[in-house]
Amino acid sequence: MLEHVQTALILVFPALVILAALRDVVSYTIPNWISLALAAAFVPAALAAGLSLPMAGAHLGVGLIALVLGMGMFAAGWIGGGDAKLFAAAGLWLGWPAATTYLAVTGIAGGALATLLLTLRSGWLRAYMPAGPAWFARLSEPGENVPYGVAIAIGALAAFPKTQFAALVG
């Protein structure tokens, strides 16, 4: 029974990260409650996973560094505020050494996403977009933002197997 509770607590992370990406794609917003729920769920998940105090501190450090980086990217106009908060909340869960995979894969996924959207927004492909759902047509709109929460989610999910949490679920 305890293993089921432990697994449920740990699966909050991938579930909320995927939800954030989906919300970002269809609405260009990541609700604050998702990042807050990720941060709040970290504490019981860390306790259930048996993270030591130094390890939990390392996770907190990665989350704070991610928050500072996210705030910088937001200030530069590269990402939105919801993206910055999601970036930090995911960093809290991933800790070290998964942070290196998180950063690398998020950057690569962001570049791939931007390339995909530039292609989608090109004149020759754009003519086919009105046939799809409204959110898809909006993605194809030239000059529209990039739902970077998708890249953050891809990076977070790619790094998750490198955490102590994933070892408990597998």
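The values are calculated or read from the model by the stated rules, or taken from the named source; none is laboratory data. It should be emphasised that the depicted structure is a prediction, and the values quoted were computed from it without experimental measurement. Every residue, glycine among them, receives a Cβ derived from its backbone with ideal geometry; neighbour counts consider all protein chains shown.
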Single residue of Gly61, Gly77, Gly91 found to be surrounded by fewer than 24 Cβ atoms within 10 Å (Cβ to Cβ) and modelled with pLDDT of 95 or more: Gly61
Ala45 vs. criteria among the aliphatic types (A, V, I, L, M), more than 15 Å from Thr106 (Cα to Cα) and in contact with a helix residue (DSSP H, G or I) (Cβ under 9 Å, 6 or more places away or on another chain): yes
Close pairs from region 1-25: first at pLDDT 85 or above, partner outside any helix (DSSP H, G or I), Cβ under 7 Å, at least 6 apart: Ala20/Ile30; Arg23/Thr29; Arg23/Ile30; Arg23/Pro31; Asp24/Ile30; Asp24/Pro147; Val25/Pro147
Residue among Ile34, Ile30 that is over 18 Å from Ala99 (Cα atoms), modelled with pLDDT of 90 or more and touching an Asp or Glu at 6+ places or on another chain (Cβ under 7 Å): Ile30
Of residues in region 1-34 being under 21 Å from Phe136 (Cβ atoms) and of a type in the set (D, E, K, R), the one surrounded by the most Cβ atoms within 10 Å (Cβ to Cβ): Asp24
Residues located in region 94-131, provided they are surrounded by fewer than 16 Cβ atoms within 10 Å (Cβ to Cβ) and either at pLDDT 95 or above or among the small types (Gly, Ala, Ser) (or both): Thr100, Ala104, Gly107, Ile108, Gly111, Ala112, Ala114, Ser122, Gly123, Ala127, Ala131
Some residue of region 52-66 being closer than 21 Å to Leu19 by Cα and touching a helix residue (DSSP H, G or I) at 6+ places or on another chain (Cβ under 8 Å): yes
Residues (among the aliphatic types (A, V, I, L, M), in contact (Cβ under 8 Å) with a residue 24 or more places away in the chain and surrounded by fewer than 16 Cβ atoms within 10 Å (Cβ to Cβ)) located in region 40-57: Met55
